[in-house]
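Reading through the structure tokens given below for one structure.
The values are calculated or read from the model by the stated rules, or taken from the named source; none is laboratory data. Since the structure is predicted, the reported quantities are computational estimates derived from the model, not experimental observations. Note that each Cβ is placed from the backbone with ideal geometry, even for glycine, and that neighbours are counted across all protein chains shown. To get the accessible areas, we keep the full protein, side chains included, count just its heavy atoms, and leave off ligands, DNA and RNA. Shrake-Rupley method; radii C 1.70, N 1.55, O 1.52, S 1.80 Å.
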Amino acid sequence: MGRKVILVGCGNMGHAMLKGWLDGALAPADVAVVEPTEALRTRAAGLGVTAVASADALPAGGDVVVFAVKPQAIGEVAPAYRAHVAAGATVVSVAAGIGVATFEELLGRQAPVIRCMPNTPAAIGKGMMVLFANRHVDGDTFGFVEALMARSGAVATIDNEALMDAVTAVSGSGPAYVFHFIECLTEAGTQAGLPRETAAQLAMQTVYGAACLARESGEAPGRLREQVTSPNGTTAAALAVLMGENRLLELVDEAVAAAKKRSVELGKS
């Protein structure tokens, strides 16, 4: 791609993104990693990239600075990259809840900033990556960042930063909802008489297979549900419980609303 990337933080999410970038998007020579933890720095260096302990040890250059550190560390970490931004680098942040305004305050009002909300399946290249860019980001750079993030999964963009709270509630926290559904389906299978190991296998593969079918069939999820539901059959009996009086819909709506509310609160703290 011809651009230099500085990755600040190479924990689980940073390392997963880095591996994706090096799988055909960037050459190791195009990436420098800043990671103070020796074991994580050694792991990153094992991928062939330059890995240093602090910003002042970076080689010259850097077109994009990606912050993959904990949100509470941004205030301490980000100012060290002010010179890179002044020289034209664009900031990309995957720190949940940290708004563009914070980076503009720390790095300069004219700083080009892209926020990215990933989710945990990004660790295996199956994530949902949602991007928002401030007005200082140029189209070519945004396209470059889109391509980088696409190495970790699907990419969507929003043009209103306030929507990040809803994004957090749906895709950011969403994997946990699915994991809990797998737990519940496993427990229900056990209560129905299945050995726990078998119930767990059935629940896991059913959720996985249904998600793949929903993605690949081209049919709306509601249509797929109708296709598998015979009148007066077993599925219809179960759906009468889940869908009766909109029970599941209202429960999920409450859950997403609670997550969104908490995201707003965290953004103000």
Quiz item: Among (1) assigned to a helix (DSSP H, G or I); (2) touching a strand residue (DSSP E or B) at 6+ places or on another chain (Cβ under 8 Å); (3) surrounded by fewer than 22 Cβ atoms within 10 Å (Cβ to Cβ), where does residue 18 come up short?
Solution: (3)
Quiz item: Only one of (1) of a type outside the set (D, E, K, R); (2) open to solvent by less than 70 Å² (accessible area, probe 1.4 Å); (3) under 19 Å from residue 4 (Cα atoms); (4) touching a Ser or Thr at 6+ places or on another chain (Cβ under 9 Å) is not met by residue 29, so which one is it?
Solution: (2)
Quiz item: Can you tell me which residue in the range 218-269 is modelled with the lowest pLDDT, limited to those that are open to solvent by 50 Å² or more (accessible area, probe 1.4 Å) and outside any helix (DSSP H, G or I)?
Solution: 269
Exercise. Residue by residue through the range 1-15, note down the ones that are buried (at least 22 other Cβ atoms within 10 Å of the Cβ), of a type in the set (A, V, I, L, M, F, W, C) and not in a strand (DSSP E or B).
Key: 10
Quiz item: Which residues, counting only those in the range 76-95, are open to solvent by 50 Å² or more (accessible area, probe 1.4 Å) and more than 17 Å from residue 134 (Cβ to Cβ)?
Solution: 76, 79, 80, 83, 87
Exercise. Scan the range 172-200 for residues that are among the small types (Gly, Ala, Ser), in a helix (DSSP H, G or I) and under 18 Å from residue 260 (Cα atoms) and jot them down.
Key: 172, 174, 176
